[in-house]
Amino acid sequence: MFKNVEHIGIAVRDLQAASEVYTKLLNIKPYKSEEVESERVATLFFKTGSTKIELLQGLDETSAISKFIIKKGEGIHHIAFEVEDIGKEMARLKSEGFQLLNEEPKEGADNKLICFVHPKDAGGVLIELCQEKKL
Ligand code: CMX
């Protein structure tokens, strides 16, 4: 089952500069910063009610974020939905013909297991499924 929009990912060139802008805009400070080595990204999270804003900067040119910025510029990179059972949702989407960008759930930022659906299958929007990892 898809639940709430867990976070919206925004690709930025300069995490520090973007952090200052979003701190002013939302009038709150980020609650977490984290580098996700496997994705080559540095992230910063703001909590806004029941959802979050994730700012993402690529750590180098191999990162999906750096490639996105070169092609499209800064902006909304993905929408992440919280799901109850990521394995089950991945199997369901695959059987519906959606292209999953990873075959198995992978480790994401903020203690999540994640999977991406190709933007070409979702009206040009990169969709992320995420499930809180059980500690
Ligand atoms: N949103 C919408 N469209 C996107 C996109 C995005 N985030 N990223 C790429 N695209 C578009 C490209 O512009 C391209 O469009 P055109 O064919 O019209 O030019 C199309 O999707 C396919 O692009 P591609 O050149 O075939 O593939 P890319 O090398 O650009 O890779 C994607 C695109 C989505 C497959 C790749 O970025 C990916 O696997 N993403 C999942 C992982 C990820 O995004 N990690 C970073 C975030 C990690 C985190 O949240 O922690």
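Values quoted throughout were computed directly from the atomic coordinates according to the rules given, and no laboratory measurement underlies them. Being a predicted model, the structure only gives us computed values, none of them experimental. Note: ideal-geometry Cβ built from the backbone for every residue, glycine included; neighbour counts use all protein chains shown.
General remarks:
- Rh by Kirkwood over Cα pairs, then Stokes-Einstein D for segment 38-96 at 1.567 mPa s and 4 °C, µm²/s: 95
- Relative contact order for segment 1-124, counting Cα pairs under 8 Å that sit 6 or more residues apart, in percent: 28
- A convex hull fitted around the alpha carbon atoms of the chain yields 112 Å³ per residue.
- With both labels modelled 7 Å from their Cα along Cα-to-Cβ, the residue 107 to residue 4 distance reads 2.7 nm.
- Taking a straight Cα-Cα cut-off under 20 Å and skipping sequence neighbours fewer than 8 places away in the same chain, the lysines within cross-link reach of residue 94 are 3, 106, 120.
- Pairwise Cα distances in segment 1-44 exceed 13 Å in 65 percent of cases.
- Lysines whose Cα lies under 16 Å from that of residue 24, excluding same-chain neighbours fewer than 8 positions away: 47, 52
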